[in-house]
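Working notes, structure below.
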Amino acid sequence: MGLNILYLLLLFATTAHHHLRAAALPLSTNSRWIVDDGNGGERVKLSCVNWVSHLDAVVAEGLSKQPVDMISKKILEMGFNCVRLTYPLFLFTNDTLGSVTVRQSLRKLGLIESIAGFQANNPSIIDLPLIKAFQEVVSSLDRNNVMIILDNQISKPGWCCSDFDGNGFFGDQYFDPDVWLKGLTKVATIFNNSTNFVAMSLRNELRGPKQNITIWYRYMQKGAEAVHAANPNLLVIMSGLSYDKDLSFLQIQPVTLTFSQKLVFEVHWYGFSNSEEWENGNPNEVCGRVVDSITRKAGFLLDSGYPLFVSEWGIDQRGTNDNDNRYLNCFLAWAANHDLDWALWTLAGSYYFRQGVVGMEEFYGVLNWDWCRPRNSSFLEKISAVQSPFQGPGLSNTRPHKIIFHPSTGLCVQRQSFFKPLILGPCSGAEHWDYTAREILTIKGTYYCLQADGIGKNAKLGIICTDQSSKWEPISASKLHLSSKINNGTVVCLDVDSENNIVTNNCKCLTNGNTCDPASQWFTIINATSGSSAAKGYFPISSLLQSFGANLLV
């Protein structure tokens, strides 16, 4: 555990410069990017974690386990720069609920052990009204320089969500749109002076039989206007339909607002969003099909000039769920390729009370049951690359280039020297490439290209880049295999060996079957303008040719 923590600290120190720098708030949008208020508006990537505060106890989870400031600090230590803090609407619209103290709320649920833990860890909060306790959590995030997105998860406190829970769509039992509008205004106003309060998510996962596009436009536009009128500094985040998986109707009719450069859209994507397709189907085919669907339903917004915030995604952190593990590799490839803003579900290692269960453990939680340490440090290592931006306004500290990302490890292709194997390493030191129209991968600013040498052999760098072994074509339904041909015409794919060397092997799992896992052969070529390629000297071309027995240069 000690070595893992040391690795994380070193990795954090080398990769987190941009996304944890002090952003000049407030935030706004510049086409598809979220930017700060500094000169020129520099990209700010939201790398968030969801902190649940909407369940039956109506208080932020974990405060019986750890002091609130310790939790806020852990969020930063794990590489996140932002929290999506959930709340039930009635906390702000029902004065009776808001005035109940934390102690009373926990006692009503019979949570005697939680009261004792709360008394030990957060004694200054336990006898506050629930609405004041919520404000204390926001203040803690403020003090610790964590950006805050407040998310109206549900109306009536409880676990979210189902089609028939009365919270799904405007007009449902607990979802009076007029009460909702008043609640949004109140929340935006109460936290007007919060330094790091940067955005409001209007409503989580609209759903159910009453879903109606006309009603969606009517009230989501009113909600956006209400938030902006109360606090014009905030980003306004709009969710779609069908559990926040469908924004396709915006291709036909964009929203109409009186303000600009503050609108962000959100989408959700989990492994279980597609049932058990990942485990039961061919991963290449499932990844290709699902990414195509998300592109049609939400991804198109990036090309339409709007930021797309993946406000919920996540996996079973125990690492034993094949469905989640296969989904994660596809998700990370997609998130890295588009350099998306996101919020992981969830921070919580356990809940006070969820769905009738006291102290339920949350295996999607990035913290363990007692909120003391990360549940899975290798998962944090794997996502660290996508916690930092690859590109965006103000991040042009290097010329535009490509990097080659390996989603299964969260690492990127690096070069040691001309004669040493290419390897995987932290993306902060990724090699800078050009990818030509002829599908040649060349090291930026050089004559050197990536070449296939044979099955089971190291991929190599060469200077004769016109033969078939220098061409790299994305193949398979996922488009995540980079294939080439060796001299005898055999098709090979880029792969990784047990020592993280970049090799080529027979392409696997391209079609059919669910027993094969292509993860080691999945790579994606990403646009980048930030980062620094490690300074490694190049052999003069004359020396290279001599080493190959070709003294041809004058």
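Quick notes on this one:
- Candidates per trypsin sites (Lys or Arg not before Pro) in segment 394-495, loop by DSSP, up to 13 other Cβ within 10 Å: Arg438
- For the chain, the residue among Thr214, Ile443, Ile404 whose Cα projects farthest onto the positive side of the dipole built from Cβ charges is Ile443.
- Kirkwood hydrodynamic radius of segment 291-380, from inverse mean 1/r over distinct Cα pairs, in Å: 14.7
- Neighbourhood charge, 12 Å Cβ-Cβ cut-off, centred on Ser162 and excluding it, Lys, Arg +1 and Asp, Glu -1: -3
- Applying a 4.7 Å cutoff between beta carbons, the unpaired cysteines of the chain are Cys372.
- Projected over all directions and averaged, the alpha-carbon convex hull of segment 461-528 occupies 6.0 nm².
- Dipole check for the chain: with +1 at the C-beta of Lys and Arg, -1 at the C-beta of Asp and Glu, and the Cα centre as origin, the magnitude is about 880 Debye.
- Rounded if a/c under 1.5, otherwise prolate or oblate - segment 106-230, Cα gyration tensor axes: oblate
- Loop-located trypsin sites (Lys or Arg not before Pro) in segment 132-234 whose Cβ has at most 16 other Cβ within 10 Å (DSSP): Lys210
- Compactness ratio for segment 232-313: Cα radius of gyration over 2.2 N^0.38 Å (N = residue count) comes to 1.22.
- Listed by chain and number, the aspartates and glutamates whose C-alpha is less than 15 Å from the C-alpha of Lys297, apart from same-chain residues fewer than 8 away, are Glu205, Asp244, Asp246, Glu266.
- Solvent accessible area, Å² - Glu473, 1.4 Å probe, full protein context: 80
- Fully extending the segment from Lys132 to Ser99 would add 11.0 nm, taking 0.36 nm per residue of separation and subtracting the current Cα-Cα distance.
- Shown are Asp316, Asp303, Asp165, whose ranking by accessible area with a 1.4 Å probe and every protein chain present, most to least, is Asp303, Asp165, Asp316.
- Segment 39-126 shape via C-alpha gyration tensor axes, a/c threshold 1.5: oblate
- Set of segment 265-285 residues, backbone N closer than 12 Å to the point 7 Å along the Cα-Cβ line of Thr515: none
- For Thr515, Thr195, Thr346, the ranking by accessible surface with the largest value first comes to Thr515, Thr195, Thr346, using a 1.4 Å probe.
- Antiparallel content of DSSP bridges confined to the chain, in %, to 5: 60
- Lys/Arg +1, Asp/Glu -1 at C-beta; the chain dipole; positive extreme among Phe309, Gly394, Asn376: Gly394
- Rg of the Cα atoms in the chain, relative to 2.2 N^0.38 Å, amounts to 1.02.
- Charge dipole of segment 53-154 (Cα centre as origin; +1 on each Lys and Arg Cβ, -1 on each Asp and Glu Cβ, all else neutral): 100 debye, rounded to the nearest 20.
- Most to least accessible of Cys493, Cys161 (protein chains only, probe 1.4 Å): Cys161, Cys493
- Per-residue SASA entry for Met78, accessible area with 1.4 Å probe, Å² rounded to 10: 20
- Largest-first principal axis extents of the Cα set of segment 180-230 (Å): 39, 18, 14
- DSSP-defined beta bridges in segment 178-314 - what % are antiparallel, rounded to 5: 10
- Which of Ile486, Gly429, Pro157, positive extreme of dipole for the chain (C-beta unit charges): Gly429
- Gained length - Gln251 relative to Ala229, 0.36 nm times residue gap less alpha-carbon distance: 5.3 nm
- Taking each residue as 0.36 nm, the span from Trp369 to Lys73 lengthens on full extension beyond its C-alpha to C-alpha distance by 104.8 nm.
- Summed residue charge, Cβ within 13 Å of Pro26's Cβ, Lys/Arg positive, Asp/Glu negative: -1
- Ratio of Rg to Rh for segment 417-522: 0.95 [Cα atoms; Kirkwood radius as inverse mean 1/r over pairs].
- Of Lys45/Lys65; Lys457/Lys485; Lys132/Lys222; Lys245/Lys402, pairs whose Cα-Cα distance is over 18 Å: Lys45/Lys65; Lys132/Lys222; Lys245/Lys402
- Ellipticity at 222 nm from helices only: DSSP H runs of n ≥ 4 in the chain, each -39500 (n - 2.57), divided by the residue count, give -7500 deg cm²/dmol.
The values are calculated or read from the model by the stated rules, or taken from the named source; none is laboratory data. Source: prediction; values computed, not measured. Cβ sites come from the backbone with ideal geometry, for glycine too, and all protein chains shown count toward neighbours. Heads up: the accessible areas ignore ligands, DNA and RNA and are worked out on the full protein's heavy atoms, side chains in. Shrake-Rupley method; radii C 1.70, N 1.55, O 1.52, S 1.80 Å.
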